[in-house]
């Protein structure tokens, strides 16, 4: 499938919501699973947070560019909540991780909104 066709599919709000829900589940599992059960991954921890929350924010901001600010807020809140929960599941909550999560949410939302206007208009 061509990238433009895939983006047209994700531009449908229901599809974007389904993709976002699936990504939220994957991010939640990955960030709340005890560290010793996680496979090693290349790159730094903050990069992983940034990319995961950027990917989480992208679909809804792409489908609804006018909601990009709300997407940033919701995704950032989700990231902060995960950091609060982590100490209760054998992980360590970290303010810098929450900042990386929010940075990813901002970049993912901006990229989604700009991509919508650039690719679909």
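For semi-axes √(5λ) of the Cα gyration tensor in Å, pick the label among (1) 30, 17, 13; (2) 27, 14, 12; (3) 55, 15, 11 that corresponds to the value derived from the coordinates.
Read-out taken from this structure: (2).
In what sequence, highest mean first, do 21-27, 60-66, 80-86, 39-45 appear when ranked by Cβ atoms within 10 angstrom?
The densest-packed peptide leads the list: 60-66, 80-86, 21-27, 39-45.
Using per-residue counts of other Cβ atoms within 10 Å, averaged over each peptide, order 67-73, 13-19, 106-112 from highest down. Intermediate results must be reported in sequence, preceding the final value.
Details: 67-73: 18.1, 13-19: 14.7, 106-112: 22.0.
Averaged packing, sorted descending, gives the order 106-112, 67-73, 13-19.
Per the helix-only calculation at 222 nm, which mean residue ellipticity applies to the chain, given -39500 (n - 2.57) for every DSSP H run of n ≥ 4 and division by its residues, nearest 500 deg cm²/dmol?
The helix contribution divided over the chain gives -25500 deg cm²/dmol.
Can you give the extra length, in nm with one decimal, that the chain gains between residue 21 and residue 85 once fully stretched, where that is 0.36 nm per residue apart less the Cα-Cα distance?
Full extension from residue 21 to residue 85 adds 21.1 nm.
Please compute the contact order of the chain in relative form: average sequence separation of alpha-carbon pairs under 8 Å and at least six residues apart, divided by the residue count, as a percent.
Result for the chain is 35 percent.
Just check the range 1-44 against the gyration tensor rule for me: Cα atoms, a ≥ b ≥ c as the square roots of the eigenvalues, rounded for a/c under 1.5, and otherwise prolate or oblate depending on whether a/b exceeds b/c.
oblate
Using only Cα atoms, locate the centre of the range 80-110 and the centre of the range 32-72, then give the distance between them in Å, rounded to an integer.
9 Å
A short reminder: the numbers here are calculations on the coordinates, not readings from a lab. The structure displayed is predicted, hence computed values, not measured ones. All Cβ positions, glycine included, derive from the backbone under ideal geometry; neighbour counts span all protein chains shown.
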